């Protein structure tokens, strides 16, 4: 039985909407675009002991991704689900021409036009935001933050970029694990779960892998609140590499054609999203 991986342990901090709007008015405002490049860099890396390297704008303000958004991939444009009253709290970030500092690649940045006509900069396909609650350069108060509402989760953009993401949906699994492009990951309850002393033993082999291809994580970080020790990689009997979450091998679903798809969830009576407390 394959089940979608839902991630818990993510701290949700509830802030007063009035207080956050006050931050927005006093700090950056809803119309901020992160500043111009003034002939220098407008995107750079900053470092902290707790987060490592993370992405900031030219004035040192931290940049975030929204777990309810969709990354752009191929012909699919990015989708921002932060609209209306969300924007004074999480202003969109945009620069006309990314000029990047050491450790960053300009090719990882792009832009798209939102439905409201505003342009928004992206990193690896993900729309970028500032947080009104960051009062000074280097603040990361929006990391692992939840607004009132079960799907509103925000994370800093770390470097190296995430090897797996925490995403949310308004329908389906409330919170789930995905690859860096936003493709949902799944576990098979028939697999023998790995332990600190032994590798998992997958039950999905042969023809099963046509519908459930294996996921192998690359080098990267994990969102705050996800224990890095829970993501491991092992070698299958056929010699291929596969990653596991808390000992459970991770798979894609062949029926998911784009970031944000979770068609493997509820595909039949044997499929269910994961209660993370059981992992």
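The values are calculated or read from the model by the stated rules, or taken from the named source; none is laboratory data. Since this is a predicted model, take the numbers as computed values, not measurements. Methodologically, a virtual Cβ is constructed for each residue, glycine included, from the backbone with ideal geometry; neighbour enumeration extends over all protein chains shown.
The table below lists the values:
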item	result
Some residue of region 219-232 being touching a helix residue (DSSP H, G or I) at 6+ places or on another chain (Cβ under 7 Å), under 29 Å from residue 171 (Cβ atoms), at pLDDT 90 or above and not in a loop (DSSP other than H, G, I, E, B)	no
Search result, residues across region 63-85 that are under 14 Å from residue 153 (Cα atoms) and surrounded by fewer than 18 Cβ atoms within 10 Å (Cβ to Cβ)	81
Test: residue in region 218-225 that is more than 29 Å from residue 54 (Cβ to Cβ) and free of Cβ contacts under 8 Å to residues at least 60 places away in the same chain	no
Residue in region 199-216 that is assigned to a strand (DSSP E or B), touching a residue at least 40 places away in the same chain (Cβ under 8 Å) and more than 16 Å from residue 66 (Cα to Cα) present	no
Members of region 86-100 found to be touching a helix residue (DSSP H, G or I) at 6+ places or on another chain (Cβ under 7 Å) and either free of Cβ contacts under 8 Å to residues at least 60 places away in the same chain or surrounded by fewer than 19 Cβ atoms within 10 Å (Cβ to Cβ) (or both), listed by number	98, 100
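Each row is one residue, and each column tells you yes or no for (1) within 28 Å of residue 179 (Cα to Cα); (2) in contact with a strand residue (DSSP E or B) (Cβ under 7 Å, 6 or more places away or on another chain); (3) at pLDDT 95 or above; (4) not in a loop (DSSP other than H, G, I, E, B).
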| position | (1), (2), (3), (4) |
| --- | --- |
| 7 | yes, yes, no, no |
| 10 | yes, yes, no, no |
| 23 | no, no, no, yes |
| 30 | no, no, no, no |
| 38 | no, no, no, no |
| 55 | yes, yes, yes, yes |
| 60 | yes, yes, no, no |
| 65 | yes, yes, yes, yes |
